[in-house]
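What follows is a single structure, written as structure tokens, with notes after it.
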Amino acid sequence: MVNTQKTLLTDNMYCLGIESTADDFGVGITKSNGEILANTVESYIPIEGGIHPREAARHHAEVANKTLFQALTDAKIKPKDLTVIAFSMGPGLGPCLRTGATVARTLAAYLQIPLIGVNHSIAHIEIGKLKTGVTDPVTLYASGGNTMVTAFEFKRYRVFGETLDIALGNCLDVFGRQAGLKSQKNLPLGAAIEQLARKGETLITLPYVVKGMDLSLSGLLTAAITQLQKGNHTLEDTCYSLQEHAFAMVTEVTERALAHTEKKEVLLTGGVAANKRLQEMLRAVTEEHDAKFNVVPQKFATDNGAMIAWTGILAYTHGIVTPVDESYVKLRWRVDRADVPWIN
Ligand code: ATP
Ligand code: FE2
């Protein structure tokens with residue numbers, strides 16, 4: 001049963017958001033005025049290789065209880081103060097999404113409050129807007145699992161360009177592992193590559209593939225790994241060349257979307273947004289178009305529960321709820337298939 005009394009209290013609502021699309025299990029608590037009261041994240045770090053979805057899901061189930069408890073403690077509220085529960089409904093890895101969805105359904109049912117399934121990619125954009133103050137940006141969302149350029153047009157967020165194969169962060173991570181770099185809690189592989197790239201001096205020519213508004217990174221990755229194995233160049237030069245080619249591709253696609261839409265703001269988000277060289281390239285093209293460049297602060301650019309909670313607030317205050325029997329996860333939920341009634 002839905003507690004209808006609470007739905008009327010739009011000024012002072014609390015939404016708890018659960019993020020579990022991939023390797024992170026995050027819980028955020030956000031107020032309807034945009035205040036973020038909690039944003040706690042537990043990350044699954046594979047012992048070796050990339051993410052194993054079932055292992056990550058097992059991790060999420062194990063940490064769910066303490067992460068929820070921590071978020072409520074940080075927010076200094078009680079479960080009964082919550083108005084609504086939001087969760088990442090997709091896109092993402094099935095076992096991981098289902099673990100988060102199960103926790104969300106259980107909480108909503110126990111507290112007798114509404115449930116909202118949130119589109120993860122849209123949540124990245126909405127928290128970015130909240131945290132930087134931009135209102136109508138062209139967004140580049142570049143992470144381990146996603147690389148897309150979106151903007152709002154004709155009632156929906158539209159995808160203007162995207163990777164045709166692997167994501168930018170994944171490209172960096174696979175290369176990093178091949179180079180023998182190890183992922184650490186405070187130094188993701190992309191950041192380790194960034195440090196090495198800064199010492200690079202010679203640009204090696206590698207494949208540069210932009211097809212229309214889309215791009216492809218797998219040929220670049222293979223070529224960079226081949227260079228590494230041949231041993232003709234330093235690791236620093238190879239990292240530098242990989243970054244220059246990959247970042248130029250995403251920058252070109254973002255610039256085209258900016259020119260097409262004539263928007264006045266660019267927003268960079270996702271884990272790769274932390275990269276200073278990527279920021280520099282994007283800033284340069286944005287400013288050439290007399291637009292403003294914004295980067296989402298890191299703890300809100302990587303996967304986090306606060307972005308789900310905030311998008312849950314936006315959705316709930318605009319009439320969206322997700323009945324439990326329709327709350328199945330959507331592994332390939334594209335941004336242009338999600339309603340965003342909070343934007344005019
Ligand atoms: P999603 O589910 O949205 O695809 P994700 O699970 O990949 O997200 P994020 O934390 O958003 O998680 O992104 C992680 C990616 O960001 C990794 O590929 C990591 O190597 C990359 N990354 C982190 N810091 C940097 C950096 N300084 N430069 C480049 N890449 C970075
Ligand atoms: Fe993400």
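The values are calculated or read from the model by the stated rules, or taken from the named source; none is laboratory data. Bear in mind that the values here come from a model prediction, so they are computed numbers and not experimental data. Heads up, the Cβs are rebuilt from the backbone with ideal geometry, glycines too, and the neighbour counts pull from every protein chain shown. To get the accessible areas, we keep the full protein, side chains included, count just its heavy atoms, and leave off ligands, DNA and RNA. Shrake-Rupley method; radii C 1.70, N 1.55, O 1.52, S 1.80 Å.
Given 0.36 nm per residue, what is the gain on full extension from T73 to L187 after removing their alpha carbon distance, in nm?
So the chain would gain 38.3 nm between T73 and L187.
For R332 paired with T234, estimate the spin-label separation in nm (one decimal), with each label point 7 Å from Cα along the Cα-to-Cβ line.
Spacing of the two 7 Å Cα→Cβ label points: 4.4 nm.
If each residue of separation counts as 0.36 nm, what is the full-extension length gain between H289 and A248 once their alpha-carbon separation is subtracted?
13.1 nm
Suppose every Lys and Arg Cβ carries +1 and every Asp and Glu Cβ carries -1, with no other charges. What dipole size does the chain come out with about its Cα centre, to the nearest 20 debye?
The calculation lands at about 680 debye.
So for the pair E48, M213, with labels modelled 7 Å out along Cα→Cβ, what separation do we get in nm?
If labels sit at E48 and M213, their model points lie 4.3 nm apart.
With a 1.4 Å probe and all protein chains left in place, how much accessible area per residue does segment 135-298 have, in Å²?
Each residue of segment 135-298 exposes 45 Å² on average to a 1.4 Å probe.
Mind checking the dipole of segment 126-210: about its Cα centre, +1 per Lys or Arg Cβ, -1 per Asp or Glu Cβ, Debye to the nearest 20?
260 debye
Which residue, C171, Y110, T99, has the largest displacement toward the positive end of the dipole of segment 52-205 when charges sit on each Cβ (Lys, Arg +1; Asp, Glu -1)?
Selected residue: Y110.
Kindly state, to the nearest 0.05, the FRET efficiency for K276 paired with D339, given R0 = 56 Å and r defined as their beta-carbon distance.
Efficiency, rounded to the nearest 0.05: 0.95.
Using a 1.4 Å probe on the protein chains only, how many percent of the accessible area of segment 179-289 belongs to carbon and sulfur?
Exposed carbon and sulfur together represent 49 percent of the surface.
Once you sort the root eigenvalues of the Cα gyration tensor of segment 242-344 as a ≥ b ≥ c, which label holds: rounded (a/c under 1.5), prolate (a/b larger than b/c) or oblate (the other case)?
Verdict is prolate for segment 242-344.
About its Cα centre, what dipole magnitude does segment 135-298 give when the only charges are +1 on Lys and Arg Cβ and -1 on Asp and Glu Cβ, stated in debye to the nearest 20?
That gives a dipole near 460 debye.
Which of T40, T21, T106 moves most in a GNM of the chain, Cα contacts under 10 Å?
T106
For the chain, just list the percent of Cα-Cα distances falling in each 20 Å bin from zero outward, please.
32, 56, 12, 0
Among L258, L242, L196, which one shows the biggest mean-square fluctuation in a GNM of the chain, springs joining Cα atoms closer than 10 Å?
L196
Could you check which residue among G212, G128, G94 shows the biggest mean-square fluctuation in a GNM of the chain with a 10 Å Cα cutoff?
G212
Towards the positive end of the charge dipole of the chain, with charges on Cβ (+1 Lys, Arg; -1 Asp, Glu), say which of T135, A259, G17 has the farthest Cα.
G17
When only alpha-carbon atoms count, how far does segment 135-298 stretch along each of its three principal axes, as whole angstroms with the largest first?
49, 32, 26
Towards the positive end of the charge dipole of the chain, with charges on Cβ (+1 Lys, Arg; -1 Asp, Glu), say which of F69, G26, H52 has the farthest Cα.
Of the options given, the answer is F69.
For a test of the definition: using alpha carbon positions, the gyration tensor, and the 1.5 limit on a/c, classify segment 31-162 as rounded, prolate or oblate.
Oblate, because a/c is 1.5 or more while a/b does not exceed b/c.
So how far, in whole Å, is the C-alpha centre of segment 106-173 from the one of segment 231-266?
Taking the Cα centre of each part, segment 106-173 and segment 231-266 sit 20 Å apart.
Would you kindly state how much longer the chain becomes between E262 and A109 on full extension, computed as 0.36 nm times their sequence separation minus their alpha carbon distance, in nm to one decimal?
Length gained between E262 and A109: 50.6 nm.
Under the definition of Cα pairs under 8 Å and six or more residues apart, what whole-number percent is the relative contact order of the chain?
With pairs under 8 Å counted, the relative contact order is 25 percent.
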